[in-house]
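The values are calculated or read from the model by the stated rules, or taken from the named source; none is laboratory data. Remember, it's a predicted structure, so these values are computed and weren't measured experimentally. Every residue, glycine as well, gets a Cβ built from its backbone with ideal geometry; the counts of neighbours run over all protein chains shown. Just the protein is used for accessible areas: all its heavy atoms, side chains included, with ligands, DNA and RNA removed. Shrake-Rupley method; radii C 1.70, N 1.55, O 1.52, S 1.80 Å.
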Amino acid sequence: TSATITLDDLKAERTKSYEIGTKWDLAEGALSLTAALFRTETKNARITNAQGYLEYVGHRRVQGVELSATGRPLPFWNLYAGYTYMDSELVSAGANATAATLAGVGKPFPNTPKHSFVAQTDFTFAERFTLGGGVIHNSRQYGSFGTGNVTRSIAPWWRVDLNASAKLTDNIELR
């Protein structure tokens, strides 16, 4: 299979982003909470198509909200948690649209999960030992656009991480 490159394929992506947010520092700065609303629009957007080639797909829009909490609420406790909601859409297919790209208009943009969540925490005790863990979650992510009823996607997934460390000396730590 060979790829055909046109002048449209060589145009740069043009992105405009809008964001409004707030940050609150609580407990004398030990805990920070943030929230933001955002919207990003990209003209000349590209995807990797089913054959593995970059494809010009026109106009994409992603809008949503991002929330996070980070800090050290107690001297022995670190935490980070974040959630992002992204409503993505292929708004228009562009001048050289393929049948698959045309079928994707109005659908979620590839590789953009609607829900994304991460939380990590760790506890330090006896000034030398740390135990912690975290979770990461992404909702369904769509791949390249398909024609008809063909939809390529990655199922929602969770990942769980655990960690432990021991500071043996000032220069040696076992993790």
Ignoring ligands and nucleic acids, residue 43 exposes an accessible area, probe 1.4 Å, in Å² to the nearest 10, of 90
With a 1.4 angstrom probe the carbon and sulfur portion of accessible area for the chain, in percent, totals 57
Under a Gaussian network model of the chain whose springs join Cα atoms within less than 10 Å, the largest fluctuation of 122, 87, 161 belongs to 161
Summing +1 per Lys or Arg and -1 per Asp or Glu among the other residues with Cβ less than 11 Å from residue 87's Cβ gives +2
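Using r as the Cβ-Cβ distance of residue 61 and residue 22, and R0 as 22 Å, what FRET efficiency do you calculate, to the nearest 0.05?
0.40
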Any aspartates and glutamates whose Cα falls less than 15 Å from that of residue 11, other than same-chain ones fewer than 8 residues away, would be 55
Per residue, accessible area of the chain with a 1.4 Å probe, heavy atoms of protein chains only, in Å², comes to 64
Rounded to one decimal in nm, the spacing of the 7 Å Cα→Cβ label points at residue 34 and residue 128 is 3.6
Note: residue 139 to residue 155 extended length (0.36 nm per residue) minus current alpha-carbon separation gives 5.1 nm
Candidates 89, 19, 55; GNM for the chain (alpha-carbon contacts under 10 Å) flags as most fluctuating 19
Nearest-0.05 FRET efficiency for residue 48 and residue 162 at R0 = 35 Å, using Cβ-Cβ distance, is 0.55
Label model pair residue 81, residue 175: point-to-point distance (7 angstrom along the Cα→beta-carbon line) in nm is 2.4
GNM of the chain, Cα pairs under 10 angstrom: of 159, 128, 39, the biggest fluctuation goes to 128
Looks like the chain, by Cα gyration tensor root eigenvalues a ≥ b ≥ c and the a/c under 1.5 rounded cutoff (else prolate when a/b is bigger than b/c, oblate otherwise), is prolate
